[in-house]
Amino acid sequence: MSRFNTSANYGGRVDTQISTVKQFVYSQNGVSWVYKKDNGSIVLTPEIKRYPVYIDNDLTVTGSIYNPSDERLKQNILSIDKEKTNELFTINPVSFNYKNDPKNNNHFGVLAQDVEKIFPDLVQNNNISGYKTVNYQEFIPIMLAKMKQMQDEIDELKQRVN
């Protein structure tokens, strides 16, 4: 009894007692995507998972984006180093326009080269575009750690005044 049915789904009936996953592969320009329906959830994923997904345009998500963060998936869990969070302020936030953007939209961010000097784990060389990329999402815990430190300092100063 297989959970996967990789035959084309042309509206034919698939026995739900046997197959809980309906799957088909869509290919265009040599890129294959797998569409699966598993226990009510729909998943669209590249057929070859070792390749990153690169979108050379805006990405709009009307739902939420979730990253696996369950403690059971993690090891070597350490608090973020206070000294490292102090270096956060050496990164200069900037506004900019992309050179190849015909709309000349204004964007906000940081320069990957600046981030790489302090947090090299947050910068990656994109093999497709050839440019450096920043993992902005992983900036959040670093900023949160710094905010907590700053709040501790504020609370301590309040105690001194009182």
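The values are calculated or read from the model by the stated rules, or taken from the named source; none is laboratory data. A quick note: this is a predicted structure, and the numbers were derived from the prediction, not measured. FYI the Cβ positions are ideal-geometry reconstructions off the backbone, even for glycines, and counts take in every protein chain you see.
What the table below lists for this structure:
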read-out: Residues (loosely packed, with under 10 Cβ neighbours inside 10 Å and of a type in the set (Ser, Thr, Tyr)) located in the stretch 37-53; value: Ser41
read-out: Test for Lys74: is it modelled with pLDDT under 90, at negative phi, within 24 Å of the chain's Cα centre (by Cα) and of a type outside the set (S, T, N, Q); value: no
